[in-house]
Number of protein chains: 2
Amino acid sequence: MARGLGSRKGREESGLFAVEGARLCEELLDSGAPVEFLLLSEFADSAARRVAAEFEERKIPILETAEFEFDKISDTVHSQGLLAAARWQERRWADLKFGPRAVALALDSVSDPGNVGTVIRTAAWFGVDAVLLGRGSADLLNPKTVRATMGGMFHLPVCRDVPLAEALARLKGQGFALGAGTMDGATEWSAWARSSRAALLLGSEAHGIAPELQALADARYTIPSRGAGESLNVAVSAGIFLAAVSG
Amino acid sequence: MARGLGSRKGREESGLFAVEGARLCEELLDSGAPVEFLLLSEFADSAARRVAAEFEERKIPILETAEFEFDKISDTVHSQGLLAAARWQERRWADLKFGPRAVALALDSVSDPGNVGTVIRTAAWFGVDAVLLGRGSADLLNPKTVRATMGGMFHLPVCRDVPLAEALARLKGQGFALGAGTMDGATEWSAWARSSRAALLLGSEAHGIAPELQALADARYTIPSRGAGESLNVAVSAGIFLAAVSG
């Protein structure tokens, strides 16, 4: 079964996703997410075995596997020999509740798993209250996305397959000031960044944000260039915007 | 010969590196860097063929190859069928000249090519005057690094294999205020960011900056977290610092 977790279809069918490595598995355990079982390779190092012992204390089944078998399942080149099969607890975007001061981040069609994961890691660092992944974005539960979040996905609600037009309209109705990161926006966004409820919409580096979503934004903002290049990486942009947002 | 460009050894021996795709090849051509030849696959699309015509105008030899041959050489999964073999013109760090207002960026042991490339892309966006790659950093001419720079490497001097202790001491002697991004630094860096000559030193996410290099810094700075996580991605950190530096 674990072998199917590398594909979106396999993950949808089983309801499980894979979390690899000692540090990420520890974050998973701390998050309280339900874990079905832990795969432990015969070549697992001592750090991995220490974490495995914590899983065992919580009565999570440990399956010891041969190195050869483990490598067929693992997505990681330099694996530590530890892989948890966890059950993702879907958060519905319509159920999200926000405090009087809140920051939300939405991604439209960001298809690279590493970028989506790094955006989520950055959002967790800056205490963002929710991340909404639109329908064309990389799957959160793709092993590459999971790895790039560096555990950030266990620290804030991340909603998948969100119909962004509906969800962003709802955020605006809840008093969020919606800023869209584009290439032709205003370079001054300090008033927006001080909004008690601020929402940031970012798109793919190649295609930007869909016009119908841009049309929902209260304003478009651009990180001004002082040099060369057509764009910034989406996670770098997210970091620069989020560092400025007070929430 | 081109097949050897995927390895550092092959690149060192030939003095060449590979640049793939229509947009990057165009940036390469615009940069004036010497190009030995251009490989054009039989399945190259029209955008690639338009760029190839520009190479032909500059009297650069075009080698047409079968799809099968091209795929053996290309590092890209979804290739456009265009690969330029270019000669890297090494810039010696000791020869760098800076104006009265300048920003320099140094990386210590950042081993992931995607991260190094994205840092360079970000540095180009913000008009950084030079990037110094320390000895443990990913090779600039690795195809993954080249791709991640998105052409940024053709827009500013990037020095490789730099002995950072020497180079940073020299920058300090030239009046650069040297700030190191660490996990335990000051969260207020506006005075440093306004320095007429500012240098930023960043390290790997896993290992940080070597102690002997940290010791050279005038101050250590940290991007304050309002949430969870052990660190930010190095390119995200670079973006947040560089957005604040006026140069």
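Every read-out reported here was derived from the displayed coordinates using simple, explicitly stated rules and does not represent laboratory data. Computed from a predicted structure; not experimentally measured. Note that we place each Cβ from the backbone using ideal geometry, even for glycine, and neighbour counts take in every protein chain shown.
Descriptive notes on the structure:
- Each copy carries a label point for A:G32 at 7 Å from Cα toward Cβ; from one copy, the others' points are 6.2 nm away, ordered from shortest.
- Shielding by partners, peptide A:125-134 (average Cβ within 10 angstrom, other chains): 3
- Between helix A:234-244 and chain A: long-axis angle, C-alpha atoms, 0 to 90°, nearest 10: 60
- Of the peptides A:34-46, B:146-158, A:100-112, the ranking by mean beta-carbon count within 10 Å, highest at the top, reads B:146-158, A:100-112, A:34-46.
- Leading residue at positive end of dipole, the protein assembly as shown (Cβ point charges), from B:G229, A:L200, B:A33: A:L200
- Under 5 Å, built H, 5+ apart or other chain: amide partners of B:G136: B:S109
- Neighbours of B:L202 by Cβ distance under 13 Å: Lys/Arg scored +1, Asp/Glu scored -1, total -2.
- For A:K172, a cut-off of 13 angstrom between C-alpha atoms picks up these aspartates and glutamates, skipping any fewer than 8 places away in its own chain: A:D218.
- Per-residue [θ]222 nm for chain A (sum of -39500 (n - 2.57) over DSSP H runs n ≥ 4, rounded to 500): -9500 deg cm²/dmol
- Using the Karplus relation 6.51 cos²θ - 1.76 cosθ + 1.60 with θ = phi - 60°, the per-residue 3J(HN,Hα) values for region A:192-202 come to 4, 5, 8, 3, 5, 10, 10, 10, 10, 10, 10 Hz, with x marking Gly and Pro.
- The protection proxy used here, the mean number of other Cβ atoms lying within 10 Å of each residue, ranks peptides B:232-245, B:214-227 as follows, highest first: B:232-245, B:214-227.
- Against chain B, whose longest principal axis is taken from its Cα atoms, helix B:164-173 shows a tilt of about 60°.
- Inter-copy label distances at B:D218, using a point 7 Å along Cα-to-Cβ, come to 3.9 nm with the shortest given first.
- Other-copy label distances relative to A:R49, 7 angstrom Cα-Cβ extension, nm: 6.2
- Maximal additional length on extending the A:E69-A:A186 stretch stands at 36.8 nm, based on 0.36 nm per residue less the C-alpha distance.
- Extreme residue, positive dipole direction of region A:139-209, given options A:I209, A:S190, A:H155 (C-beta unit charges): A:H155
- Ordering B:A44, B:S14, B:S74 by the projection of their Cα atoms onto the charge dipole of region B:2-87, which places +1 on the Cβ of Lys and Arg and -1 on the Cβ of Asp and Glu, puts B:S14 at the extreme positive end.
- With the simple spin-label model, which puts each label point 7 Å out from Cα in the Cβ direction, the B:E56 to A:R49 separation comes to 6.5 nm.
- Converting phi to 3J(HN,Hα) with the Karplus coefficients 6.51, -1.76 and 1.60 and the offset θ = phi - 60°, region B:142-150 yields 4, x, 5, 5, 3, 4, 5, 5, 6 Hz in sequence order, with x at every glycine or proline.
- Fraction in percent of alpha-carbon pairs per bin - 5 Å, chain A: 1, 6, 14, 17, 17, 13, 10, 9, 6, 4, 2, 0
- 12 Å cut-off, amide nitrogen to a point 7 angstrom out along B:D95 Cα→Cβ, residues in region B:1-44: none
- log₁₀ of I(q)/I(0) at q = 0.12 Å⁻¹ - the protein assembly as shown, Debye sum with one point per alpha carbon: -1.20
- Nearest 10 degrees, 0 to 90: helix B:22-31 Cα axis against chain B principal axis: 70
- Mean separation of Cα pairs under 8 Å and 6 or more residues apart, divided by the residue count, gives region B:2-87 a relative contact order of 45 percent.
- Computed across region B:47-141, the Kirkwood radius stands at 16.4 Å (inverse of mean 1/r, all Cα pairs).
- Interchain or long-range residues, amide H under 5 Å from A:A102's placed H: A:R197, A:A198
- Too-long pairs where the Cα-Cα distance tops 23 Å, listed order kept, from A:K72/B:K72; B:K72/B:K144; A:K72/B:K144; A:K59/A:K97; B:K9/B:K59; B:K9/B:K97: A:K72/B:K72; A:K72/B:K144; A:K59/A:K97; B:K9/B:K59; B:K9/B:K97
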